[in-house]
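Notes to accompany the following structure.
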Amino acid sequence: MTWESNLDAGPPDPCIPTRADSSHGGHRIAHQAITVLRRTALAMGGLLFVLLLAGGGMTLALQSSEALVEPATAMPAPLPHHTAAPSALPAPVQQLADHGIRLSTCIAPMRPGDSPQARLGSLSGFDCGNSVLEKGSGSFWIRLVPEASAPGFAALPSDMNVLSFAPGWQRNAAIYVRHNDGSVSQMPLTNHILSQLTHVGGRVQLRLHMHSLRPEAILLRLDDATNHNGLIFRPSLSSEAASNRDELIETALYSTFAGVCLALLVFNVALLGSMREGFQMAYCLMVVGMLIYAWSYSGGWSLWFPDRDITERFRLVLISHGLITALSMRFFIEFLEAGMVPPLLRRLAALARLATLGLTASIVIATMPMMRTITQFTLASLAAIYVLSLVIGLIALARGSRAARILSLTWIVSTLAGAMRVAVTNGLIHRNLLMDHSVLLTMAVNALIFALAVGTRVKTLADERDHARDGERLAKRLADIDPLTGLLNRRGLMTQAVRDGTRGPLRLLIVDVDHFKSINDNHGHDMGDDVLRDLARVLARRCARRGHVSRLGGEEFAVIGPVGEFSPALALAILADVRQYRFAKGISVTVSIGMAEGTIHPGMQGEADWSALYRRADTALYEAKSTGRNRVVDAALMETTGAGALGTTPPPDQQRSA
């Protein structure tokens, strides 16, 4: 054991030395090499968390390990130890060396006249079973003893020399160890030293270099402990290898958590820029709070700022936890569909959030004696938020909320995690690494559930947007469609003509049914509608693949397309198709066609070009009507020769008077 062995000599200087005793040079070099390799492995495995946990932790781990190898004061020569090859350990003892043992805590209040020697000598007056929180605030002695299923300190392997525990809130602390030769070693554990000795996972590690000396009793002294959530946590004694393995596992655990949170944060920040939903900001801030919580709870604060008081890390843990809870409630309220949260419960939830944020803010400036009261009020506000969210969720479920169905998983996870922690506290479940980090794991699972909920909402919003766009497209298309024939109307044809005009000259054919009024008068308007639908099919069959077919209104149709596709021969073919088509009730139908060619330019000029082209084709149609109907008149020929007819009338038995 390398701590000061003489209590009367006073406590050792708390500064961190940088040199070890020369007699332990080989051990120091080997220990440093192992530590360097371990920290390098942690840095490689840490990935997204490497700057947080490994960057500052490398140097600090070396310093803290050296500090425990050598005190600052001069030390007596180490006791000799056997160098013979060690005999094989029994299987149960070897298993302890591989996994370590948990230590139980026996607590006694500090009274005037108490001395470490007396408290190390007997367990009389120590309480090893009742609740720690019932003891309230004050100064305490804590005896660390192996659990009932583990052997005593004297039977442990010599390489089980790493004592670790997570400290609580106190003004000052010290540790005392009585050895099998009756000597006592001590070390002060101020809050600054505790911060310097913090490793990954937030635990303090003290290396007891046991050679021929074996510890018989380990005693902690806590001065002015607040005891608002406990005195110390997870005390254990393990070998260097087991300690390194646990630290590596915890590094991987925190790294995975940080990676998941960073991925969720980046994804939702990207969504925030496009969706701008109220719940997204709350979710992003909540994930940031989770990252801060993991950084502080894991010991990252102490690794980055080893000279700061360890209680500053504890404050950051509580602050981030309160922010996460308040933001989770805000996310929950904002995420539910409109009308799912009664106004009264919405106001109560807002008050609970404000109370939690106010109490969380007070932690920043609270003195040590105030922390127990503030923490109790903070826990009460967190419990109120949980109960309110549960009530609101049940009401939302009863009202048919789809969002509440997904978010109800978070209540199940949180409730199960809380029940397991209670079971661990009461000894119903054996404490392990996952139980020690159940809060972190619960946060990670809930963050993923929230992400699933956000993804579901994104899909719903995307479906609604697509449906709205489809409806808008349909409305626009219906605005361009003639309801009787299904062809383009005048507006739709002009739009297509202006769009296609950029590809080259167009030819427009205006088709008008001859004597349509007589068809309506003699056969009824229903028959007239049938004739118009039949004519639409004839025109579509002949022209739809070449260009666009439209009903301009009444009995007037139009087809338009590239000059190369819409030749004069096509117009004559339309005449022939209509003559040969068998309309309903054997009605004989003919059409007159006016044809014109022109270019439609893009932009504002396009509408003027379309109007000019239409007027020329309409003039040609008027000429076809005036010269006997049932024919095609080309505007270009009419304008140059005065006679633009391309097709003649059908046989005399198919003619009808005007």
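For the reader, a short list of remarks on this structure follows.
- Candidates Leu231, Leu264: the one that is under 24 Å from the mean Cα position of the chain (by Cα) and touching a residue at least 40 places away in the same chain (Cβ under 8 Å) is Leu264.
- Matching residues, region 490-517, being modelled with pLDDT under 90, open to solvent by 30 Å² or more (accessible area, probe 1.4 Å) and out of contact with any Pro (no Cβ under 6 Å at 6 or more places or on another chain): Arg490, Arg491, Met494, Thr495, Gln496, Val498, Arg499, Arg503, Pro505
- Selection status of Gly547, under 60 Å from the mean Cα position of the chain (by Cα), at positive phi and of a type outside the set (D, E, K, R): no
- Taking the listed residues Ala383, Ala396, Ala423, the one that is at pLDDT 80 or above and under 30 Å from Asn130 (Cα atoms) is Ala383, with no other qualifying.
- For Arg143, the stated conditions do not hold, so it cannot be described as assigned to a helix (DSSP H, G or I) and of a type in the set (Lys, Arg).
- Taking region 460-554 as the region of interest, the helices (runs of 4 or more DSSP H) fully inside it that hold 1 or more residues being in contact with a Leu (Cβ under 8 Å, 6 or more places away or on another chain) and of a type outside the set (Val, Ile, Thr) are 490-500, 525-543.
- Long-range neighbours under 6 Å by Cβ, at least six apart or interchain, first residue free of Cβ contacts under 8 Å to residues at least 40 places away in the same chain within region 592-608, second exposed (fewer than 14 other Cβ atoms within 10 Å of the Cβ) and part of a loop (DSSP other than H, G, I, E, B): none
- Scanning region 272-325 for residues that are hydroxyl-bearing (Ser, Thr, Tyr) and either on the phi > 0 side of the Ramachandran plot or open to solvent by less than 40 Å² (accessible area, probe 1.4 Å) (or both) yields Tyr283, Tyr293, Ser296, Ser298, Ser302, Thr311, Ser320, Thr325.
- Just one of the numbered conditions (1) open to solvent by 10 Å² or more (accessible area, probe 1.4 Å); (2) farther than 25 Å from Ala444 by Cβ; (3) not hydroxyl-bearing (Ser, Thr, Tyr) is not true of Asn227: (1).
- Listed by position, the helices (runs of 4 or more DSSP H) inside region 237-327 whose residues that are out of contact with any helix residue (DSSP H, G or I) (no Cβ under 8 Å at 6 or more places or on another chain) number at least 2 are 240-275.
- Tally, over region 104-133, of residues that are open to solvent by less than 80 Å² (accessible area, probe 1.4 Å), out of contact with any Cys (no Cβ under 8 Å at 6 or more places or on another chain) and charged (D, E, K, R): 2
- Counting the residues of region 195-219 that are under 20 Å from Pro116 (Cα atoms) and either in contact with a helix residue (DSSP H, G or I) (Cβ under 7 Å, 6 or more places away or on another chain) or surrounded by fewer than 20 Cβ atoms within 10 Å (Cβ to Cβ) (or both) gives 6.
- Subset of region 591-631 that is of a type in the set (D, E, K, R) and within 16 Å of Arg507 (Cα to Cα) - its residue that is surrounded by the most Cβ atoms within 10 Å (Cβ to Cβ): Arg616
- Ser302 in contact with a Ser or Thr (Cβ under 7 Å, 6 or more places away or on another chain) and more than 24 Å from Ala350 (Cα to Cα): yes
- From the list Thr619, Thr627, the one residue that fits, being among the polar types (S, T, N, Q), under 19 Å from Val589 (Cα atoms) and at pLDDT 85 or above, is Thr627.
- Count of region 187-210 residues which are under 23 Å from Glu147 (Cα atoms) and not charged (D, E, K, R): 8
- Region 133-150, residues that are hydrophobic (A, V, I, L, M, F, W, C) and either farther than 28 Å from His179 by Cβ or at pLDDT 85 or above (or both): Leu133, Phe140, Trp141, Ile142, Leu144, Val145
- Members of region 326-349 that are open to solvent by 30 Å² or more (accessible area, probe 1.4 Å) and not charged (D, E, K, R): Leu327, Ala338, Gly339, Pro343, Leu344, Leu348
- Check on Thr460, touching a Phe, Trp or Tyr at 6+ places or on another chain (Cβ under 9 Å) and open to solvent by 20 Å² or more (accessible area, probe 1.4 Å): no
- Residue ID - modelled with the highest pLDDT, chosen from residues in region 175-186 that are in contact with a helix residue (DSSP H, G or I) (Cβ under 8 Å, 6 or more places away or on another chain) and part of a strand (DSSP E or B): Tyr176
The values are calculated or read from the model by the stated rules, or taken from the named source; none is laboratory data. Computed from a predicted structure; not experimentally measured. Virtual Cβ from ideal backbone geometry, glycine too; neighbours counted across all protein chains shown. SASA here: full protein model, heavy atoms, side chains in, ligands and nucleic acids out. Shrake-Rupley method; radii C 1.70, N 1.55, O 1.52, S 1.80 Å.
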